[in-house]
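**Q** Before we start, here is the structure in question, set down as structure tokens.
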Amino acid sequence: MQQSFFDRDVPQPLAARLRPRTLEEYVGQKHLLGEGKVLRRLIEADHISSMIFWGPPGVGKTTLARIIAERTRSHFVDFSAVTSGIREIKQVMNDAEESRRYGVNTIVFVDEIHRFNKAQQDAFLPYVEKGSIILIGATTENPSFEVNGALLSRCKVFVLQPLSNEDIISLLHRALTDERGFGLQTVEMPEELIAAVAAFANGDARTALMTLEMVVLNGELRGDTTVVTPETVEQCTSRKSLLYDKNGEEHYNLISALHKSMRNSDPDAAVYWLARMLESGEDPMYIARRVVRFASEDVGLADPRALEICVAASQACHLIGMPECTVHLAQAVIYLALAPKSNAVYTAYGAARADAATMLAEPVPLVIRNAPTRLMKELDYGKGYQYAHDAKDRLTNMQCLPDSLRDRTYYQPTRQGVEGRFADRLDEIKRWKAEHAEDQ
């Protein structure tokens with residue numbers, strides 16, 4: 001019978017055609033699937049139990065679930081958290097129990113499991129407990145908050161990471177040479193443009209392959225060869241600074257430029273380097289984390305509000321994402337650039353860490369130990385403890401450092417900004433303790 005127009009096969013997207021079929025084809029997640037790693041051993045030994053894959057989009061959560069089902073000879077059921085209700089769940093569970101009687105395991109894969117409400121999640125619970133199914137959930141959200149505790153306690157959580165730049169480049173090369181990709185045609189694409197597409201993908205394999213497909217389909221046809229040009233890549237990604245490599249030297253050059261501009265109190269330079277990173281596709285949460293660190297490392301108690309503002313900016317980035325969060329990061333960066341600077345907190349911790357590393361066995365002075373039991377009290381735990389709130393000046397001369405470190409000074413405040421007030425207060429405390437030293 002002749003096929004109608006509507007019966008003709010519609011070409012699958014490149015990402016679907018290149019979906020890995022085996023662990024050997026799978027790219028990334030070496031911390032879980034490398035030789036001898038825990039998840040690989042479980043798969044190879046066919047000891048799979050219910051689990052949750054937590055990671056960003058495009059890192060292979062669905063693909064890995066399918067590979068596990070194939071490798072372990074299990075029946076695979078793909079569930080949608082958006083379209084499936086409790087009735088559909090129970091029907092699949094009943095089918096799974098029937099299959100189990102014939103020795104066939106069922107892997108139920110639930111993409112975006114965080115979208116299931118509590119009732120839907122609870123519907124899985126008895127079947128997971130009985131072992132009727134192996135549940136594999138995938139989520140981009142923290143399962144601690146999005147999956148109910150009873151179900152989560154019965155699943156092993158594996159954290160999948162964004163693919164490295166090298167992983168993405170390897171994947172793009174395969175797409176250009178594999179017959180399932182563009183291997184049956186001649187494509188000329190310079191290595192720097194492959195690297196540019198990889199950088200743009202930001203660890204997302206699906207984005208990388210979709211972008212590659214777009215640039216190849218829009219490439220210039222020269223005889224039998226498709227030529228991909230920088231202009232084509234730029235048009236298909238709407239990025240002018242594509243050669244920014246988020247895992248390479250330029251990544252560190254730009255974050256260094258941002259840090260040093262803020263440290264040098266140059267708000268114009270700081271906001272420029274911020275824009276360079278964001279417009280090149282940098283993860284705003286990466287910048288937010290570095291900005292929060294800067295607030296304590298380079299501003300510290302010279303302006304204690306700096307940390308509050310930076311944490312708030314970080315929360316705003318998490319809440320609304322790009323591109324709206326650019327203005328919150330800009331506010332934090334400009335604030336830090338204009339704030340008084342002090343690294344006293346940073347140097348205090350560094351000095352304390354150096355002592356702690358060499359004196360890990362130094363005992364806690366008895367006077368500041370808790371004594372919740374009679375035996376501890378008999379051993380003089382807490383004996384002589386002075387409760388500062390009961391003292392006239394809210395100060396005591398009690399020694400809190402070990403004897404070997406009793407005269408050590410770690411925090412040395414500057415006179416910058418608000419920290420000048422902390423310096424004055426510390427001087428008052430030290431004078432009081434010197435005057436009352438004989439009372440010890």
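**Q** List the number of the failed condition for residue 390; all other conditions in (1) within 18 Å of residue 293 (Cα to Cα); (2) out of contact with any helix residue (DSSP H, G or I) (no Cβ under 7 Å at 6 or more places or on another chain); (3) charged (D, E, K, R) hold.
**A** The single condition residue 390 does not satisfy is (1).
**Q** Could you grab me the full set of residues in the range 390-423 that are exposed (fewer than 12 other Cβ atoms within 10 Å of the Cβ) and either more than 25 Å from residue 362 (Cβ to Cβ) or among the acidic types (Asp, Glu) (or both)?
**A** Of everything in the range 390-423, those that are exposed (fewer than 12 other Cβ atoms within 10 Å of the Cβ) and either more than 25 Å from residue 362 (Cβ to Cβ) or among the acidic types (Asp, Glu) (or both) turn out to be 390, 392, 393, 394, 403, 407.
**Q** Quickly run through the range 34-47 and pick out the residues that are part of a helix (DSSP H, G or I) and open to solvent by 50 Å² or more (accessible area, probe 1.4 Å).
**A** Residues satisfying the conditions are 38, 41, 42, 44.
**Q** Right, here's the next one. What number of residues within the range 153-173 are within 30 Å of residue 108 (Cβ to Cβ) and either touching a Lys or Arg at 6+ places or on another chain (Cβ under 9 Å) or open to solvent by 40 Å² or more (accessible area, probe 1.4 Å) (or both)?
**A** Within the range 153-173, residues that are within 30 Å of residue 108 (Cβ to Cβ) and either touching a Lys or Arg at 6+ places or on another chain (Cβ under 9 Å) or open to solvent by 40 Å² or more (accessible area, probe 1.4 Å) (or both) number 9.
**Q** Inside the range 345-373, can you point out the residues that are among the acidic types (Asp, Glu) and either outside any helix (DSSP H, G or I) or exposed (fewer than 15 other Cβ atoms within 10 Å of the Cβ) (or both)?
**A** 362
**Q** Now a separate question. So is residue 334 within 30 Å of residue 422 (Cβ to Cβ) and over 19 Å from the mean Cα position of the chain (by Cα) or not? Write out each step before concluding.
**A** Details: within 30 Å of residue 422 (Cβ to Cβ): yes; over 19 Å from the mean Cα position of the chain (by Cα): yes.
In short, yes.
The values are calculated or read from the model by the stated rules, or taken from the named source; none is laboratory data. Model, not experiment: these values are computed from the prediction. Virtual Cβ from ideal backbone geometry, glycine too; neighbours counted across all protein chains shown. Accessible surface areas use protein heavy atoms only, side chains included; no ligands, DNA or RNA. Shrake-Rupley method; radii C 1.70, N 1.55, O 1.52, S 1.80 Å.
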